[in-house]
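Here the structure comes first, spelled out in structure tokens, and everything after it is commentary.
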Amino acid sequence: MIGQRDTVNGAHFGFTDRWGGVSAVPYEELNLGGAVGDDPAAVTANRDLAAKSLGVDPARVVWMNQVHGADVAVVDGPWGDGPVPRVDAIVTAERGLALAVLTADCVPVLLADPAVGVVAAAHAGRPGLVAGVVPAAVRAMTELGADPARITARTGPAVCGRCYEVPEDMRAEVAAVEPAAYAETSWGTPAVDVSAGVHAQLERLGVRDRAQSPVCTLESKDHFSYRRDRTTGRLAGYVWLD
Ligand SMILES: [Zn+2]
């Protein structure tokens, strides 16, 4: 259910694994993604289960329509009726409102400045790393009074740099923007380490209190991996303030 969680000065961070939900194969069990072909009733049940396990109100969780971009939305409550905006980061200054990010190999990024009461969730895959979605999220937090030096950052389970094989030119293109993402697979071919790239971006912004999940989604049977399974579920990362 909740594979990893911690609390820092009233800011809560949680990352799910794939177990403890009601979805059938190939989304078993705790698929939290609503756009992957799973039964919508199962996804709703899973979102309720995960929220309950975290101790948050499922009606006070904000999800995104993620499109591998760098757009950020500032929210003060769940979306109303109508389509969910296409953004890859959300920021709030509303205590008790949980922000959620869906992933299956991409990097889920959770940020909080508990002193000023601002949190953010961001979805950083390879395109998001290059587009700068994480710096954009930090900028949006700063505009609400956050100080990067006070921000706590957590990145969740993601495909690791030794598993994420890409063509040589793609590695070069990513490394030109973010050298820390340059990697090689365990079998010696070009790769990208998105988590390392995200942490390098955060470091440059002055976010020093950071932790990275040791879990590689592609290597872990307890996590969904798009690159491994193609048709599969989505994990979620949640951040909120007391
Ligand atoms: Zn790996």
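Read-outs: derived from the displayed coordinates by stated rules, not from any lab. Computed from a prediction, not measured in an experiment: that's the story for all the values here. Neighbour counts are summed over all protein chains in view; Cβ atoms, including those assigned to glycine, are modelled from backbone coordinates with ideal geometry.
Quick notes
- Any hit, the range 149-169, residues being closer than 17 Å to ASP88 by Cβ and part of a helix (DSSP H, G or I): no
- Residues of the range 1-35 satisfying the condition of being assigned to a loop (DSSP other than H, G, I, E, B), more than 14 Å from PRO157 (Cα to Cα) and of a type in the set (Asp, Glu): GLU28, GLU29
- Within the option set VAL239, VAL207, VAL215, being within 12 Å of the ligand (Cβ to nearest atom) and aliphatic (A, V, I, L, M) holds for one residue only, VAL215.
- Taking the range 176-226 as the range and being in a loop (DSSP other than H, G, I, E, B) and among the polar types (S, T, N, Q) as the test, the residues that pass are THR185, SER186, THR189, SER213, THR217, SER220, SER225.
- The range 154-197, subset of a type in the set (Asp, Glu) and surrounded by 17 or more Cβ atoms within 10 Å (Cβ to Cβ), residue farthest from the ligand (Cβ to nearest atom): GLU178
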